[in-house]
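This report concerns only the one structure given below.
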Amino acid sequence: MNTPTKEECFRLIHKMNMMDHIIDHSIIVSNVALCLCRFLGKKFPDINIQAVCSAALLHDITKTRSFSTGEIHSDTGGLLLKAMGYPEIGNIIRQHVTLDIYTDGSPISEQEIVNYADKRVLHTQVVSLEKRLEYIRVKYGTKPEFKHRIQSMWEATLHLERKLFQQLPFKPSQLSDLVLPTIKKR
């Protein structure tokens, strides 16, 4: 799998003029994803940790410009990485809001880890799913067409949390204690 290095990720982040608060959020999402990988990798050695970390760093790569263009940042971020020669990373990014499929019987995937990590980070804080959902409902759920989509996504995320934590030696409430909050001051 062709994967950008951490340095390449940060070059792209700066090239895309991502807002500082989105960069900070992405760093924490990557830290959450790395934490999950360190524990899950023992049972699922095929997880590509570098791909997870790179995709998590880049998951909101087109979000800043989406504020003015109205584009769906998960789709355009995925397309951007695919066009740059990173199709697998693009596929992970494309699924960071909504996974293509939610299954119990399959091994844990890179897409699931990045999707879940993003759902646990509110700005730069690791929070419960409930707190993150409340934020999403207030921020994006005011339009009637989004309410059903948000509820469906949330039910699937709760299901994903159960799938992940069946394989982990700690509870969802303990995740924030295990993640290092490494935000560099600018």
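The values are calculated or read from the model by the stated rules, or taken from the named source; none is laboratory data. All of these numbers come straight from a predicted model, not from anything done at the bench. Don't worry about glycine lacking a Cβ; one is built from the backbone with ideal geometry, like all the others, and counts go over all protein chains shown.
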**OP:** Please find, within region 37-75, the residue that is farthest from the chain's Cα centre (by Cα) out of those that are of a type in the set (Lys, Arg) and over 19 Å from PRO107 (Cβ atoms).
**Re:** ARG65
Original post:
Can you pull out the residues in region 1-36 that are within 21 Å of PRO87 (Cα to Cα) and under 10 Å from the mean Cα position of the chain (by Cα)?
Top reply: SER26, VAL29, SER30, ALA33
**OP:** Could you check, for region 58-80, whether at least one of its residues is closer than 22 Å to SER173 by Cα and basic (Lys, Arg)?
**Re:** no
Original post:
Of all residues in region 101-117, which are among the hydroxyl-bearing types (Ser, Thr, Tyr) and either exposed (fewer than 12 other Cβ atoms within 10 Å of the Cβ) or in a loop (DSSP other than H, G, I, E, B) (or both)?
Top reply: TYR102, THR103, SER106, SER109
Original post:
Do you know which residues across region 36-58 are of a type in the set (Gly, Ala, Ser) and closer than 22 Å to HIS123 by Cβ?
Top reply: SER54, ALA55, ALA56
**OP:** Could you list, in sequence order, all residues of region 88-98 that are surrounded by fewer than 22 Cβ atoms within 10 Å (Cβ to Cβ), touching a residue at least 24 places away in the same chain (Cβ under 8 Å) and over 11 Å from the mean Cα position of the chain (by Cα)?
**Re:** GLU88
Original post:
So how many residues does region 172-181 have that are surrounded by fewer than 15 Cβ atoms within 10 Å (Cβ to Cβ) and either among the hydroxyl-bearing types (Ser, Thr, Tyr) or over 19 Å from the mean Cα position of the chain (by Cα) (or both)?
Top reply: 1
Original post:
Under 6 Å by Cβ, and 6 or more places apart or on different chains, what pairs join a residue from region 6-34 that is among the hydroxyl-bearing types (Ser, Thr, Tyr) with one that is at pLDDT 95 or above?
Top reply: SER26/LEU57; SER26/ASP60; SER30/CYS53; SER30/ALA56; SER30/LEU57
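Enumerate the helices (runs of 4 or more DSSP H) found wholly within region 1-80, keeping only those where 1 or more residues are closer than 22 Å to ARG162 by Cα, out of contact with any strand residue (DSSP E or B) (no Cβ under 7 Å at 6 or more places or on another chain) and charged (D, E, K, R).
Because the criterion is at least 1 residues that are closer than 22 Å to ARG162 by Cα, out of contact with any strand residue (DSSP E or B) (no Cβ under 7 Å at 6 or more places or on another chain) and charged (D, E, K, R), the helices (runs of 4 or more DSSP H) in region 1-80 that meet it are 20-40.
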Original post:
Does region 91-100 contain at least one residue that is under 19 Å from PHE44 (Cβ atoms), out of contact with any Gly (no Cβ under 9 Å at 6 or more places or on another chain) and assigned to a helix (DSSP H, G or I)?
Top reply: no
Original post:
Of these, THR5, THR69, THR62, THR76, which one is over 28 Å from ILE136 (Cα atoms), among the hydroxyl-bearing types (Ser, Thr, Tyr) and either modelled with pLDDT of 95 or more or surrounded by 23 or more Cβ atoms within 10 Å (Cβ to Cβ) (or both)?
Top reply: THR5
Original post:
Within region 48-71, which residues are touching a Pro at 6+ places or on another chain (Cβ under 8 Å) and among the aliphatic types (A, V, I, L, M)?
Top reply: LEU58
**OP:** Kindly establish whether THR124 is of a type in the set (Val, Ile, Thr), in contact with a helix residue (DSSP H, G or I) (Cβ under 9 Å, 6 or more places away or on another chain), without any contact (Cβ under 8 Å) to a residue 60 or more places away in the chain and closer than 24 Å to LEU12 by Cβ.
**Re:** no
Original post:
Here is a list of conditions, (1) among the basic types (Lys, Arg); (2) over 20 Å from HIS25 (Cα atoms); (3) surrounded by 14 or more Cβ atoms within 10 Å (Cβ to Cβ), and ARG120 meets all of them except one; can you say which number that is?
Top reply: (2)
